[in-house]
Amino acid sequence: MDFKEVKAKTILTRCGIPGIDYVVNPYIGCRFACKYCYASFMGRFVGKTIQDWGDYVYAKINAPELLAKEIKKLRDKGKDKEIFFSSVTDPYQGAEGQYKLTRRCLEVLADYGFAGVVSFLTKSDLVLRDVDVFKKLKNAAVGMTVTSTDDGISRYFEKNAPGVSHRLGALKKLNENKIKTYAFIGPLLPHFVAQGEELEKLFFALSKTGTKDIFVEHLNLAKYIRNRLFEEMKGVDQTVLQKFYSSQSKDYRQELEAKVKRLIGKYKMHLLKDMVIFHKDFQKLKK
């Protein structure tokens, strides 16, 4: 494991994700080592390969101080802007327990009186530590990635991330604390078409947490992701791999989208962006 403390040149970065204005990434790399993670491309900026994803984490130890300076550049205290934690790392991975960079950045925003939206996406129940700071922010939205109800499946694809049972528990506690939440079902793993009851179980479990807003995204099998994913799936039955390939077809996506929309209606949820996201198409949308 390669771990370093580094100093960043900037921390508040303009974002190309539709609907988000700025991102804050307090860490480079992510120890959770999810096999399908698109952010594995980040390795090329620090002398690492796609295959190294999960084996390095660099903590940007000056992130809170940088944010305190850079946030002042936004007009009207950032009204009508959204800052997202984080686009290419998990803001609550293990190192956060020691360094508290995410928490300290949030305290900067709260003390400044940031008037926009502060949103998060994580796979860690460590997020519960910061409920007190979320309540100080004018508009915070905490998202949890949940791709299955089976801790075994989450452990296989999301190697070092907390089990999905912990994430569902965190969503429930966040809702009990009246923190705005959303669930991110992404990627939609291929077994959901063949085993429709698994998708039903997932929506039922999310509904029990009190979460109503849902992002849903198809599996992104860009070449660099596919190569890494399949390298780590050596020995898996070929019929399983074929399901991964077929997940990119329009027919497959339409079948899965129909199942998702039925469940959204059944559990009275709200599908954010009014679409099941397909990465190639989503990136073409205007902000």
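Every number in this text was worked out from the coordinates using simple rules, so none of it is lab data. Every value quoted in this text rests on a predicted model; they were computed, and no experiment measured them. Please note: Cβ atoms are built from the backbone with ideal geometry, for glycine as well, and neighbour counts cover all protein chains shown.
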Partnerless cysteines, meaning none of the other Cys C-beta atoms lie under 4.7 Å away, in the chain: C15, C30, C105
For Y182, enumerate residues with amide H under 5 Å from its amide H, sequence gap 5+ or separate chain, H modeled in the peptide plane. V142, G143, M144
Tell me, what HN-Hα J-couplings in whole Hz come from the Karplus equation 6.51 cos²θ - 1.76 cosθ + 1.60 at θ = phi - 60° for each residue of the range 34-39, using x for Gly and Pro? 5, 5, 9, 5, 5, 6
Karplus (6.51, -1.76, 1.60) ³J(HN,Hα), θ = phi - 60°, over the range 148-154, in Hz, Gly and Pro reported as x: 6, 9, 9, 4, x, 5, 5
Taking amide H positions as placed 1.01 Å from N in the peptide plane, with prolines and chain starts having none, which residues 5 or more places from F84, or on another chain, fall under 5 Å of its amide H? Y22, V23, V24, S119
Which FRET efficiency, nearest 0.05, do E5 and E198 yield, Cβ-Cβ r, R0 51 Å? 0.75
Tell me which residues come under 5 Å, amide H to amide H, from I277 once H is placed; ignore anything under 5 positions away on its chain. V216, E217, H218
Rank these for me by crowding, R31, R129, going from fewest to most other beta carbons within 10 Å. R129, R31
Computed over the range 7-51, Cα set: Rg, Dmax in Å: 11.9, 31
Per residue of the range 82-88, in order, report the coupling 6.51 cos²θ - 1.76 cosθ + 1.60 (Karplus, θ = phi - 60°) as ³J(HN,Hα) in whole Hz, putting x for Gly and Pro. 10, 10, 10, 10, 9, 8, 10
Taking the beta-carbon count within 10 Å as an exposure proxy, list K250, K35 from fewest neighbours to most. K250, K35
Greater than 20 Å separation of Cα atoms is the criterion. Which listed pairs, K100/K123; K72/K178; K81/K138; K123/K159; K35/K172; K60/K173, meet it? K72/K178; K35/K172; K60/K173
